[in-house]
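Following: one structure in C-alpha cells, then a few remarks.
The values are calculated or read from the model by the stated rules, or taken from the named source; none is laboratory data. This one's a predicted model, so the numbers in the text were calculated from it and none came from an experiment. Cβ placement follows ideal geometry from the backbone for every residue including glycine, while neighbour counts extend to all protein chains displayed.
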Amino acid sequence: MADLKKRPVAGSTSQYNVGRGTYKKNALNSIPSNHSISKDGRKRGDYVQKGRSPAFYQLGRGLYELILTSPHHIELDGSDIPETDVGPETLITTGTTDHQDGFTFAGTPSSVISLDPVKIIVDHLACVPYQRFFRKQSANYPTHPAVGWGARLDAYFWPTPSQDWSISKILVGTFCRRGAAIFGASWDPTNTTCQKLLIELFEDICAWGNVLLPESDMASLAHEIHATLPSIRSDHMPTQARVNSAWTKLYAVILPDVCVIYDTRVAASLTSILDPHMIRLAGTQLYAPFNALGHLNNAARGGTRPRQLTHSWPNGYMKWPAQIGANRLCRAVRDRLNSKTGPTYQKADNTPWTLREVEAVLFMDGY
C-alpha cells in the first residue's frame, strides 16, 4: 500500500497523486483489497467474488503483489471510489506504455498488455486462478483454484460436479458423430428419415443443455438448417434464420470445428475478459472481426449474467453478427492455444485443443 502513497498532494494528508489522477486515502485502501485473491484462493475481494478477475495477490494486511501475468488492469469506475473523488481513470496498468493515464509498477513486462484480443483471452485464462462459488452446491468449485487452461478444463462440469468434462466430452462427441452422419453424402432436407434423425438430435441436445426446443416441425427444421449451413461455414451472416441458446448448440454440433456454443456463460466470459481493454481495442483492426460481440440479454429469462462492465456492449441475443463474431474469436483462441507450449496452456495429455474444449473453459469462466 505504501507504494501507492509515495506522492502526497501538496498541503494534503489524505490525497495522493497516482499517475495523472488524484485519489483519496480510502480509495487507495479499498481498491487492492476489492480486486485481490489470496495465493491459496480462500480469500477473495468483493469485486473478485462478483466476477472480476483478480489483479493482486493479498500477502498480508496492507501487503499486495500485482499479478503481473494477468493481462487485466483496474478501472476506477465510480463504484470503486466515493463520489467526492476524481472520476474514472486507470489506476494501475500492467506494462502499457501508450496509456498516459496509467501508473506502472517498475519491472512490469511490457508484453503483458496487448492490443490483440485473442492474446488477451488466451493469457488471461492461462494465468488468472479460477474458482467460483456455486449457489446450488453451496461450495467453492474447484476446492483449490485452478491455474492454467488444462486445469480449468478439468474443473468443468455440467449440470452437476459428478459430470465433469471426461463424461461430457463423450456425450458431446456422440452428438457430433450423429450430426456428421445426418449431414453426410445421403443428406436430403426433403427426406423424412433425414428430417426425423435431425429433430431427434435437436431434442437430445436441448435436453442436455436444459433449453427449450425452438422448432417442433421436422420438415421446417430440416429446410432451415439446410439453408443456413453454407453461410455459417463461410462466416457470412445467414438470412431469415433463427439463433438463440438452443440453435447455437445444434449448429456447434453439426459444425464442430466452425461454430461455438455462444450462450450466456460464454458471452459473459468473453466480454468480461475484454471489457477493461475495450477503450483501447474498440475500432482497431485486430478487433474488427469480433466487433459484434455482446452480452446475451434475454429479458424473458431474467436478463443477462451479472457482470460489472464499463464498455457499452451491444445486446447479441438472437443476433447472427454476435454468433459469427464469437465463432471467429473462439476459433482464433483455439488456434493460438495450439501454438503455445507450457503447462498453463496445454492439457495433461498434450493433445490439440478443440473448439468444444475452448468452449467448455469459457462456459465455466462465465458462471
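Details
- Residues located in region 219-235, provided they are farther than 18 Å from VAL260 by Cα and free of Cβ contacts under 8 Å to residues at least 24 places away in the same chain: SER220, GLU224, ALA227
- Residues (free of Cβ contacts under 8 Å to residues at least 24 places away in the same chain and of a type in the set (Gly, Ala, Ser)) located in region 181-216: ALA181, GLY184, ALA185, SER186, ALA207, SER216
- Residues being of a type outside the set (Phe, Trp, Tyr) and part of a helix (DSSP H, G or I) - total across region 154-170: 6
- For region 136-172, the candidate set comprises residues that are of a type in the set (Gly, Ala, Ser) and free of Cβ contacts under 8 Å to residues at least 12 places away in the same chain; within that set, the residue that is nearest to ALA222 (Cα to Cα) is SER166.
- Criterion (touching a Gly at 6+ places or on another chain (Cβ under 7 Å) and either loosely packed, with under 15 Cβ neighbours inside 10 Å or on the phi > 0 side of the Ramachandran plot (or both)) met by exactly one of ALA268, ALA292, ALA348, ALA282: ALA348
- Scanning region 170-188 for residues that are crowded, with 17+ Cβ neighbours inside 10 Å and either of a type outside the set (Phe, Trp, Tyr) or within 20 Å of the chain's Cα centre (by Cα) (or both) yields a total of 5.
- Any hit, region 114-132, residues being modelled with pLDDT of 50 or more, acidic (Asp, Glu) and within 20 Å of ARG331 (Cα to Cα): yes
- Residue check, GLY148 touching a Ser or Thr at 6+ places or on another chain (Cβ under 8 Å) and surrounded by 17 or more Cβ atoms within 10 Å (Cβ to Cβ): yes
- Residue ID - farthest from the chain's Cα centre (by Cα), chosen from residues in region 323-367 that are of a type in the set (A, V, I, L, M) and more than 20 Å from VAL243 (Cβ to Cβ): ALA348
- Flag for MET278 being assigned to a helix (DSSP H, G or I) and within 12 Å of the chain's Cα centre (by Cα): no
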